[in-house]
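The values are calculated or read from the model by the stated rules, or taken from the named source; none is laboratory data. Since this is a predicted model, take the numbers as computed values, not measurements. Cβ atoms come from the backbone with ideal geometry, glycine included; neighbour counts cover every protein chain shown.
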Amino acid sequence: MPSLKQCNLFINGREEKPSSENYFIRENPATEKDFAQIAESNKKDVDRAVSAAKISFGAWSKVPATERAKMLLKIADVLAKNQKQLALLNTLETGKPIRESSLVEIGGSIRTLEYYSGMHTQLNGETIPINENQMSMTIKEPVGVVAQIIPWNFPLLLAFWKIAPAIVAGCTIVLKPAELTSCTIYEIAKLCSKAGLPDGVLNIVPGKGEVAGQALVEHPDVDKVAFTGSTSVGKHVMKTASDSVKRVTLELGGKAPCIIFDDADLENAVEACLRGGFFNQGENCTAVTKLMLHKKIYKKFLDLYIKRVKKIKIGDPTKQDTEMGAVISKEHYENVLNYIAKGKSEGAKIATGGSRSRKFKKGYYINPTVLENVDPNATVACEEIFGPVVAVIPFSTEEQAVEIANNTEYGLAGGVWTQDINRALRVAKSIKAGYLWVNTYGGIVPQTPYGGFKQSGIGKELGKEGIENYLETKCINIYTGGSMPRWYKG
Ligand code: TAP
């Protein structure tokens, strides 16, 4: 298949074929045409990659943090120089609009690299006075070899949320991309190497989760696992990693509520909830999928909202003016349509959308869908759909709103809209989730710690907390007094 793009392993600074010589085909979800062949790494390949990371850790962890920080800036520079072609590749494999690939995936990755470059000044421990004869100090040491496992919805941005802090902390990496989206990150590994990243610091093992991912999480020489993906796989990863007590951080699924009170600025709320619901085809862990409207503004908000949803420009994701592209795969497309059917069967009314887009013969296009008058206990109000489907739920009181918002096993993100600052803070504090927006929605910046409560995860990425995942704290006690006090008399 000479015309297909080939995505191989990247180990120790070199492109490598899979030892099994097996590849699987990835299609472009917007055209359903075969587009790439992806190497299937197996346990043997993972062993080679981990071994490369382990060997390079010795030298990389001793490189001064200032130099590691400079490397992040060089990588940012390489991304910026190649932004156009990387964005196109990312769009071809994900189906997302090119402006999102360019501004969010590549732009966001650059901002993350720049932020963590500055964090090299924060790798300090503390000195802790104990008494006049003794003091302690803590020092920060890189964790070691880290396994990074990435989902398909933001294959680049989520990779750099992990790669950037790991590199500046002095760790080395073996990264498994999602099988649906391996191409762009593989290109990036090659570019990083060209930019001067030493061999073995960033290794890529594309392939199947249950083979390559599993081997990585089981590997005895992996010190930490940073996983982003579904809650069900995350639980399995955590169990597997526990065998050797690996450090584990999990960024998992979500079911974000956004509560609009009757005093909210409706026009701004509509704008934010459009992006909150349909950005990235709704394939977004913080997507507003529980849009909760106070009964007094229910109709007014919905009229404004539906009018705008109908105008979202769905189409060829490679075009600059496309606002919504195709969902990631046939299987996922069918899942999302099944959820819509389930919503209908459980009593919701389809206010707009609800089916595939008829504009295209090929491609996994789903019209942006709004389900109205959804019961708070309905499946579509509780489970993560991960597609362009927003469930609208009316409420009457603040207490009821909080109860509905928390009626889920997830706790990743949420939003509150009101002009009353006391109510805004009260409600934001009452929602059991890790990331809240008030009078805005969406957009996660590298400066802020992001991560879930409940079954949405463990630990934080980004911000100062994000680098702690890649560091161990060692305490060194120093005796500065004269003779040691006697414990034994003899
Ligand atoms: P998953 O199916 O969980 O896959 C995530 C990653 O885990 C993929 O690389 C997958 O490989 C790999 N994997 C599968 N089985 C594995 C195993 N046994 N051991 C190790 N790795 C394994 O998720 P997805 O469908 O790609 O992504 C969507 C989910 O991610 C949603 O639930 C979404 O909410 C969540 N998500 C969360 C966040 C944050 S920051 N909280 C951000 C984005 C997405 P394959 O691709 O080969 O299956």
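Among the numbered criteria (1) touching a residue at least 60 places away in the same chain (Cβ under 8 Å); (2) surrounded by fewer than 22 Cβ atoms within 10 Å (Cβ to Cβ); (3) within 16 Å of the ligand (Cβ to nearest atom); (4) not charged (D, E, K, R), which one does I476 miss?
With (1) touching a residue at least 60 places away in the same chain (Cβ under 8 Å); (2) surrounded by fewer than 22 Cβ atoms within 10 Å (Cβ to Cβ); (3) within 16 Å of the ligand (Cβ to nearest atom); (4) not charged (D, E, K, R) applied to I476, the lone miss is (3).
How about the range 389-487: which helices (runs of 4 or more DSSP H) wholly inside it have at least 1 residues that are of a type outside the set (A, V, I, L, M, F, W, C) and assigned by TED's automatic domain parsing to the domain that holds N284?
398-405, 421-430
Taking the options T379, T408, name whichever one is polar (S, T, N, Q), within 16 Å of the ligand (Cβ to nearest atom) and touching a residue at least 60 places away in the same chain (Cβ under 8 Å).
T408
Among the numbered criteria (1) within 23 Å of P376 (Cα to Cα); (2) crowded, with 23+ Cβ neighbours inside 10 Å; (3) near the ligand (Cβ under 10 Å from one of its atoms), which one does T231 miss?
Of (1) within 23 Å of P376 (Cα to Cα); (2) crowded, with 23+ Cβ neighbours inside 10 Å; (3) near the ligand (Cβ under 10 Å from one of its atoms), only one is false for T231: (2).
Restricting attention to the range 215-245, report how many residues are polar (S, T, N, Q) and under 19 Å from the mean Cα position of the chain (by Cα).
Residues in the range 215-245 being polar (S, T, N, Q) and under 19 Å from the mean Cα position of the chain (by Cα): 4 in total.
With the requirement that a residue be under 22 Å from G459 (Cβ atoms) and exposed (fewer than 14 other Cβ atoms within 10 Å of the Cβ), what does the range 422-442 give you?
K429
Somewhere in the range 326-333, is a residue of a type in the set (D, E, K, R) and closer than 20 Å to W152 by Cβ?
Checking the range 326-333: at least one residue is of a type in the set (D, E, K, R) and closer than 20 Å to W152 by Cβ.
Any residue at all in the range 148-171 that is assigned by TED's automatic domain parsing to the domain that holds D77, of a type in the set (G, A, S) and over 23 Å from G13 (Cβ atoms)?
Taking every residue of the range 148-171 in turn, none turns out to be assigned by TED's automatic domain parsing to the domain that holds D77, of a type in the set (G, A, S) and over 23 Å from G13 (Cβ atoms).
I'd like to verify a number: residues in the range 244-296 that are assigned to a loop (DSSP other than H, G, I, E, B), more than 14 Å from the ligand (Cβ to nearest atom) and surrounded by 21 or more Cβ atoms within 10 Å (Cβ to Cβ), how many?
Number satisfying all stated conditions: 2.
Could you please find all residues in the range 416-438 being out of contact with any helix residue (DSSP H, G or I) (no Cβ under 7 Å at 6 or more places or on another chain) and in contact (Cβ under 8 Å) with a residue 24 or more places away in the chain?
Q419, D420, R426, K432, A433, G434, Y435, W437
Which of the residues belonging to the range 205-228 are in a strand (DSSP E or B) and either away from the ligand (no atom under 12 Å from the Cβ) or not assigned by TED's automatic domain parsing to the domain that holds Y470 (or both)?
Scanning the range 205-228 gives a single hit, K224.
Quick one: is F35 over 22 Å from D199 (Cα atoms) and part of a strand (DSSP E or B)?
Yes, satisfied.
Out of the residues in the range 137-187 that are farther than 23 Å from E472 by Cα and polar (S, T, N, Q), state the one that is nearest to the chain's Cα centre (by Cα).
That would be N153.
Starting from the range 350-362, keep only residues that are within 24 Å of E372 (Cα to Cα), then list their pairs with residues that are charged (D, E, K, R) whose Cβ atoms are within a distance under 7 Å, requiring at least 6 positions of separation or different chains.
Within 7 Å, the pairs are I350/K344; A351/E372; T352/K310.
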